[in-house]
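Participant: Dumping the structure here so I can ask a few things about it.
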Amino acid sequence: MPSGRPAALLPDHRLELVTGGDRWVQLEAFVYDIYRQVGYCEESPRRRVEELARWDDRSRFHAVFDGDDEPVGVVRTILGPYDELPVGKFTRTDFRDPDPVCELSSLTVRTDVRSTGVIEHLYRAGWLDALQRGASAVVALIDQWLLDVFVETYHLPFTVIGVAREYMGGVPVPAGLPLDGHHYRPMAASNPDFWAWTLEAMTDDEAEAWSMPPVGAATRTEAGPASASGRG
């Protein structure tokens, strides 16, 4: 069954874009603390994932905060050429999407708010950010089970674009999500409620400029039906 429309954020939750300042430091610490709990990063006296520090100048955080101004979920977007991003450490095998691409990184959600729409809202914010910044595709390091969910449940046109290997406590695979509108025609037909929710994040002018299909569009695309399997 397709996912359908995601849950709305809880009444006291709000989504924010963070590009610096005290909020940035707060989000770095939030990601670091959870990564340390699961063994994804080395200890840092600065409470930050030091491996990602070199990309701060091209990064932005999208975060969901609760009513006490505490983060409950975050995703980092990093724009640049594939080879100059964290994902560039993985051998690339699919070069259809030209540079620049936008990597979704540091997806971190507090366990007590999972299944409340936080993850979907973070991914939609990162996807829209990539479009607005002129990327040709979203790229990410995705666990196999999560990539299967994206493709089989949400019907997102992810494809595997590189070779999996050990990295930060797992064995992720590089996956790509093209941003050309025609790639979303199958999802617009097979998961219309999710696609309608996705379109709500952009203006009508943006949807037209990016050739996004209407809800219920025909499933045929220039590239054929989408398929994928991988990690995130």
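Participant: Can you work out ³J(HN,Hα) from phi for every residue in region 65-74, in order, using Karplus 6.51 cos²θ - 1.76 cosθ + 1.60 and θ = phi - 60°, giving whole Hz and x for Gly and Pro?
Facilitator: Coupling constants for region 65-74: 10, 8, x, 9, 6, 9, x, 10, x, 8 Hz.
Participant: Rounded if a/c is under 1.5, else prolate if a/b beats b/c, else oblate: with a ≥ b ≥ c from the C-alpha gyration tensor eigenvalues square-rooted, which is region 1-81? It would help to have the intermediate numbers written out before the result.
Facilitator: On the way: a/c = 1.61, a/b = 1.50, b/c = 1.07.
Prolate shape, in that a/c is at least 1.5 and a/b is the bigger ratio.
Participant: Okay, next question. Identify the GluC sites (Glu not before Pro) of region 29-120 meeting these criteria: DSSP loop state and at most 15 other C-beta atoms within 10 Å of the C-beta.
Facilitator: On the way: sites: 42, 43, 50, 51, 84, 103, 120; in loops: 42, 43.
Sites meeting the loop and neighbour criteria: 42, 43.
Participant: Right, something else. Can you tell me how region 50-195 classifies by the Cα gyration tensor, rounded, prolate or oblate, using a/c under 1.5 as the rounded cut?
Facilitator: Numbers: a/c = 1.40, a/b = 1.07, b/c = 1.31.
Because its axes are fairly even, with a/c under 1.5, region 50-195 counts as rounded.
Participant: If the chain between residue 17 and residue 89 were fully stretched, how many nm would it gain, using 0.36 nm times the residue separation less the Cα-Cα distance?
Facilitator: On the way: separation 72, 0.36 × 72 = 25.92 nm, distance 2.70 nm.
Here the segment from residue 17 to residue 89 would lengthen by 23.2 nm.
Participant: On full extension of the chain, what length is gained from residue 53 through residue 168, given 0.36 nm per residue of separation minus the C-alpha to C-alpha distance?
Facilitator: Using 0.36 nm per residue and subtracting the Cα-Cα distance, I get 39.9 nm.
Participant: Using the basic label-point model (7 angstrom from Cα toward the beta carbon), what is the residue 29 to residue 112 distance in nanometres?
Facilitator: Here the modelled spin labels are 1.8 nm apart.
Participant: Any idea how far apart residue 68 and residue 145 come out in nm if each label point goes 7 Å out from Cα toward Cβ?
Facilitator: In this crude spin-label approximation the distance works out to 2.9 nm.
Participant: Does region 112-215 come out rounded, prolate or oblate, given a ≥ b ≥ c as the square roots of the eigenvalues of its C-alpha gyration tensor, rounded meaning a/c under 1.5 and, failing that, prolate meaning a/b above b/c?
Facilitator: Details: a/c = 1.77, a/b = 1.50, b/c = 1.18.
Here region 112-215 falls in the prolate category.
FYI, it's all coordinate maths here, none of it is from the lab. This one's a predicted model, so the numbers in the text were calculated from it and none came from an experiment. All Cβ positions, even for glycine, are placed from backbone atoms using ideal geometry, and neighbour counts span all protein chains on display.
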